[in-house]
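The values are calculated or read from the model by the stated rules, or taken from the named source; none is laboratory data. In this text the structure is predicted, and so the values were computed from the model without any measurement. All Cβ positions, glycine included, derive from the backbone under ideal geometry; neighbour counts span all protein chains shown. Just so you know, the surface numbers come from the protein's heavy atoms only, side chains and all, with ligands and any DNA or RNA stripped out. Shrake-Rupley method; radii C 1.70, N 1.55, O 1.52, S 1.80 Å.
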Amino acid sequence: MSQGSDKEYEQLRVSGLHAFYGESHILHGIDMVVHRGELVTLLGRNGAGRSTTLKAIMNMVGRRTGSIMINGNETMTCQPHHIARLGVGYCPEHRGIFSALNVQENLTLPPVVRSGGMSLEEIYSMFPNLYERRFSQGTKLSGGEQQMLAMARILRTGANMLLLDEITEGLAPVIVEKLGEVLVKLKNKGLTIVLVEQNFHFAAPLADRHYVMEHGQIVEEISADELEAKQSVLDSYLGV
């Protein structure tokens, strides 16, 4: 594939990204590319800057400099709701479920920002637990059900690039396995996924490529077929 055609398939290109919270300089020149249909992870220890990278892509940090191209569009001056309209769905670590609303109300509250979103029927087929609990309040859901709801909600909006932050944290192994199956289905549907994940054993078999972060910088890029050869390098960065 030529360099020109490579660029046609780039859904996200981050170049020289710096991010700040007040006086704190968190990201120090992030460079990364994600192609359409890829599942890419951001790996690293706590405090490496992985979650801040997702927030910076959404323009949800205090200040950012550099370049973030989404579908070939420069987005550094865009507000978060405009970035969502480009097909980016952000699932934060805290999930953001509305506790006073039931499952179906949580699903239908966010506006559909572009065509191609999944219908309620498709969502309930992918997440049968949510169908069973569709009239339950957000506060009555388990942690795993809340995570499924947070993901399902952005799928309904028409997002085709998902930024997922620590979706398996604190969840039972059976729920983690179910989320892995969902990610495979979404990837097979052609969605692009950027996954911040602490559970490397969950992420490893799913991802096409891994970016390893340390101190607000990307220090290593490892493709799926390089993983075995570079396992010791990865372990040293992750503190395994």
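If the Kirkwood radius is taken over C-alpha pairs of the range 95-158, then at 4 °C and 1.567 mPa s the Stokes-Einstein diffusion coefficient equals 114 µm²/s. Once the chain from V184 to T139 is taken as fully extended at 0.36 nm per residue, the excess over their C-alpha distance is 13.4 nm.
Could you tell me the ratio Rg/Rh of the range 170-223? Both radii from Cα atoms, Rh via Kirkwood. Could you put the intermediate results ahead of the total?
Numbers: Rg = 12.4 Å, Rh = 12.4 Å.
Ratio of gyration radius to Kirkwood radius: 1.00.
With the convex hull drawn over the C-alpha atoms of the range 66-196, the volume per residue is 109 Å³.
Each Cα pair under 8 Å and six or more residues apart adds its separation to the average, and for the range 95-158 the resulting relative contact order is 56 percent.
Return the calculated 222 nm mean residue ellipticity for the chain, to the nearest 500 deg cm²/dmol, obtained by summing -39500 (n - 2.57) across DSSP H runs with n ≥ 4 and dividing by the residue count. Mind showing how you got there, number by number?
Numbers: 10 runs with 80 residues, N = 240.
Helix-only estimate at 222 nm: -9000 deg cm²/dmol.
In whole percent, and with a 1.4 Å probe on the protein chains, what portion of the accessible area of the chain is carbon and sulfur?
The value for the chain is 50 percent carbon and sulfur by accessible area.
When its C-alpha radius of gyration is set against 2.2 N^0.38 Å (N residues), the chain gives a value of 0.99. Charge tally around G143: other residues with Cβ under 11 Å, Lys/Arg +1 each, Asp/Glu -1 each, net -1.
Normalised by the residues of the chain, what does the relative contact order come to in percent, with Cα pairs under 8 Å and at least six apart?
Working: 440 pairs, mean separation 65.0, N = 240.
Over the chain, the number comes to 27 percent.
As a calculated quantity, the FRET efficiency between H25 and N46 at R0 = 22 Å, using C-beta atoms, amounts to about 0.80.
Largest accessible area first, the listed residues Y131, Y237, Y211, Y21 line up as Y131, Y21, Y237, Y211 when surface is computed with a 1.4 Å probe on the assembled protein chains. Accessible surface for the chain, divided over its residues, is 46 Å² per residue with a 1.4 Å probe. The Rg/Rh ratio of the range 121-240, with Rg taken over Cα atoms and Rh as the Kirkwood radius over Cα pairs, comes to 1.01. Here the gap between A100 and S67, fully extended at 0.36 nm per residue and compared with their Cα-Cα distance, gives a gain of 8.0 nm.
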